[in-house]
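Colleague: My questions all concern the structure below.
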Amino acid sequence: MTANGWLQIGLYCAAVLAVTAPLGRFMTRVFNRERTWLDPVMRPAERAIYRMSGVDDTREMRWIEYATAMLLFSLVSMLALYAIERLQGVLPWNPQAFRGVAPEFAFNTAASFTTNTNWQAYGGESTMSYFTQMAGLAYQNFVSAAAGLALAIALIRGIAQKEKDTIGNFWVDLVRGCLWVLLPFCMVGALALVSQGVVQNLRPYDQVTPLDSAAAKEQAIAQGPVASQEIIKQWGTNGGGFFNANSAHPFENPTPLSNFIEMFAIFAISAGLTYTLGDMTGSRGHGWAVWAAMAFLFLAGVTTAYWAEARGNPLLAAAGVDQSSSDMAPGGNMEGKEVRFGVADSALFATITTDASCGAVNSMHDSFTPLGGMVLLVNIMLGEVIFGGVGAGMYGMLVFVILSVFIAGLMVGRTPEYLGKKIQAYEVQMAMLAVLIVPLTVLVLAGTSAVAGFGTSSVANPGPHGLTEILYAFTSGTGNNGSAFAGLNANTRWYNLAMGLSTLIGRFFVIIPMLALAGSLGRKKRVPPSAGTFPVTTPLFAALLVSVIFIVGALTFFPALSLGPVVEHLLMVTGQVF
């Protein structure tokens, strides 16, 4: 662990803190339909979209109608992506003449990108045409992120308003999220990445003769419209890479500056939404309390991951290998990491991407030490509420806020209140339903895969590491993260179908009770605070919120973690590796 590594982590935290208030206030104005500096350009485009699609932008929806619109839009989008994948062999912009994708493979990818998971059981540069990458995958990167953002705003509206049956208009929230929040920032971000050397073209792959021509006659240099997809992959917390190596590939992430831009983009909107929460509900102190809880969990995770990776592999140290850092070489556990990033940036990137439902990687998580890998796994298991994905992190965190307020109410023996709304049995039931559906899906599917031949046949490493690979896959899929341990062959019929199903459950079976919660809170009266009201703007509340998140995750997944990374770490200390 070096001073330079801590400096990089500190600068990152400062950048996220700096963007929180301005971006959060901007999103408040966007979704409250107040005037912004982008209105002269975006308002005419917005009106044109409504005219062409027949949307009445003045009409608001109840939560059931809002949920129905979201589900139907997602279904149509998923079917469109499935069709593009299956037909890519006859569609344009396919200079490599890639064939159509196999049915279960296409289903897995369509479900994954529609749910903002972006799990990839394929190499992008060897499977998907330029048309599929742009019109299929990049399109889903925008609309799935905008849908998540819309849902978070709907829940915040439900908390903020009083005695009102409606929570907004899904189509308006979707369009405004795309036009105001995602598109303009991605245009600037894509140019910034191009300036760093990220590729952006429509050329066929170049065929070159390597220096060692005896080893290979010819090598294909993959390229394509990378920068435009790379920035929305990060800004929209999608994670699906144009190349199989994702953000470890020099055409996706060539420099330390591009690496910082990509990391910053992952947290930016989610951090800003904490300020939007405080702004729209009239309690900015509460928004900052939520931000502080997220920041504490993030710092705990990145500190542990950095420590675990920087100390290296004890077996190599026992064998006399010097794993300390120097001017000539980085130190620590460098297996699976890019030398240009080193241990600090790799641990930081990995923590960020698993805190958010992003899944982009600049190192191979399968090569992390057992404790370092466990941090990444736990980040997803906690619900990816540590800033989290665009929208998804906020509505996931608000579910835990409801549970924390309920527990606080039980402690003082009175009906719990949250920002002037009484929390009753229905709200707690919906919150618990949203919390429990993910671990139930993960443990059932991972347990099945760990004992059945069609699951274990894909495992590259035996023992506890193989179990961790399976557990990570279904945690990542159901948590809508999309990153992988990479030692698991997931391109089989079982994993394609099971992982595709898990992404759908993890997205929509959480969203529906969350919207029911928004509708219920929106109809409630506001009650003035009293002496027994638990304040949600204090460090005590932030500490309670952190405790509830950690206890729920720890109690649910601790037995599985004990059989996987914990056992692997103990065996590594005794001299056994997998």
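The values are calculated or read from the model by the stated rules, or taken from the named source; none is laboratory data. All of these numbers come straight from a predicted model, not from anything done at the bench. A quick note on method: Cβ atoms are made from the backbone with ideal geometry, for glycine too, and the neighbour counts reach across all protein chains shown.
Colleague: Is one or more of the residues making up region 208-222 small (Gly, Ala, Ser) and under 21 Å from GLN140 (Cα atoms)?
Modeller: no
Colleague: Answer with yes or no whether ARG33 is within 28 Å of the chain's Cα centre (by Cα), surrounded by fewer than 18 Cβ atoms within 10 Å (Cβ to Cβ) and assigned to a loop (DSSP other than H, G, I, E, B).
Modeller: Yes.
Colleague: Can you pull out every residue in region 58-108 that is among the charged types (D, E, K, R) and either under 30 Å from ASN32 (Cβ atoms) or touching a residue at least 24 places away in the same chain (Cβ under 8 Å) (or both)?
Modeller: Residues satisfying the conditions are ARG59, GLU60, ARG62, GLU65, GLU85, GLU104.
Colleague: Sticking with this one: Have a look at LEU191, LEU151, LEU183, LEU174 and point out the one that is under 30 Å from LEU521 (Cα atoms), modelled with pLDDT of 95 or more, surrounded by fewer than 23 Cβ atoms within 10 Å (Cβ to Cβ) and among the aliphatic types (A, V, I, L, M).
Modeller: Details: LEU191 fails: under 30 Å from LEU521 (Cα atoms); LEU151 fails: surrounded by fewer than 23 Cβ atoms within 10 Å (Cβ to Cβ); LEU183 fails: under 30 Å from LEU521 (Cα atoms).
Only one candidate qualifies: LEU174.
Colleague: Return yes or no: is ALA138 more than 14 Å from LEU81 (Cβ to Cβ), in a helix (DSSP H, G or I), in contact (Cβ under 8 Å) with a residue 12 or more places away in the chain and touching a helix residue (DSSP H, G or I) at 6+ places or on another chain (Cβ under 9 Å)?
Modeller: Spelling it out, it is not the case that ALA138 is more than 14 Å from LEU81 (Cβ to Cβ), in a helix (DSSP H, G or I), in contact (Cβ under 8 Å) with a residue 12 or more places away in the chain and touching a helix residue (DSSP H, G or I) at 6+ places or on another chain (Cβ under 9 Å).
Colleague: Continuing with the same structure: Go through (1) in a helix (DSSP H, G or I); (2) farther than 30 Å from ARG35 by Cα; (3) out of contact with any helix residue (DSSP H, G or I) (no Cβ under 8 Å at 6 or more places or on another chain) for MET187 and report which single condition fails.
Modeller: Tallying (1) in a helix (DSSP H, G or I); (2) farther than 30 Å from ARG35 by Cα; (3) out of contact with any helix residue (DSSP H, G or I) (no Cβ under 8 Å at 6 or more places or on another chain), MET187 fails exactly one: (2).
Colleague: In addition: What pairs can you find where one residue is in region 336-354 and among the basic types (Lys, Arg), the other is crowded, with 24+ Cβ neighbours inside 10 Å, and their Cβ atoms are less than 6 Å apart, with a gap of 6+ or different chains?
Modeller: Hits for this filter: LYS337/SER346; LYS337/SER363.
Colleague: Can you tell me which of PRO513, PRO529 is closer than 30 Å to LEU403 by Cβ and part of a loop (DSSP other than H, G, I, E, B)?
Modeller: PRO529
Colleague: How many residues are in contact with a strand residue (DSSP E or B) (Cβ under 8 Å, 6 or more places away or on another chain) and crowded, with 23+ Cβ neighbours inside 10 Å when one looks only at region 403-422? So that I can check it myself, show each step before the final result.
Modeller: So in region 403-422, the residues in contact with a strand residue (DSSP E or B) (Cβ under 8 Å, 6 or more places away or on another chain) come out as 405, 409, 415-416.
Adding the requirement that they be crowded, with 23+ Cβ neighbours inside 10 Å leaves 405, 416.
Residues that pass the stated criteria total 2.
Colleague: Please find, within region 233-272, the residue that is nearest to the chain's Cα centre (by Cα) out of those that are of a type in the set (Val, Ile, Thr) and either in a loop (DSSP other than H, G, I, E, B) or more than 23 Å from PHE485 (Cα to Cα) (or both).
Modeller: The residue in question is THR237.
Colleague: Which number in (1) under 30 Å from TYR418 (Cβ atoms); (2) crowded, with 21+ Cβ neighbours inside 10 Å marks the one condition that PHE242 misses?
Modeller: With (1) under 30 Å from TYR418 (Cβ atoms); (2) crowded, with 21+ Cβ neighbours inside 10 Å applied to PHE242, the lone miss is (1).
Colleague: Please count how many residues of region 155-184 are in a loop (DSSP other than H, G, I, E, B) and over 25 Å from the mean Cα position of the chain (by Cα).
Modeller: Qualifying residue count for the region: 5.
Colleague: Enumerate the pairs (first residue in region 11-27 and within 24 Å of VAL302 (Cα to Cα); second residue anywhere and outside any helix (DSSP H, G or I)) with beta-carbon separation below 7 Å, excluding pairs fewer than 6 apart on the same chain, so at least 6 apart or on different chains.
Modeller: Listed by first residue and then by second, the contacts come to nothing, as the list is empty.
Colleague: Assess whether MET70 counts as being in contact with a Ser or Thr (Cβ under 7 Å, 6 or more places away or on another chain) and either over 23 Å from ALA150 (Cα atoms) or assigned to a helix (DSSP H, G or I) (or both).
Modeller: So MET70 does not fit the description; no.
Colleague: So, in region 532-562, how many residues would count as being in a helix (DSSP H, G or I), surrounded by fewer than 13 Cβ atoms within 10 Å (Cβ to Cβ) and small (Gly, Ala, Ser)?
Modeller: 1
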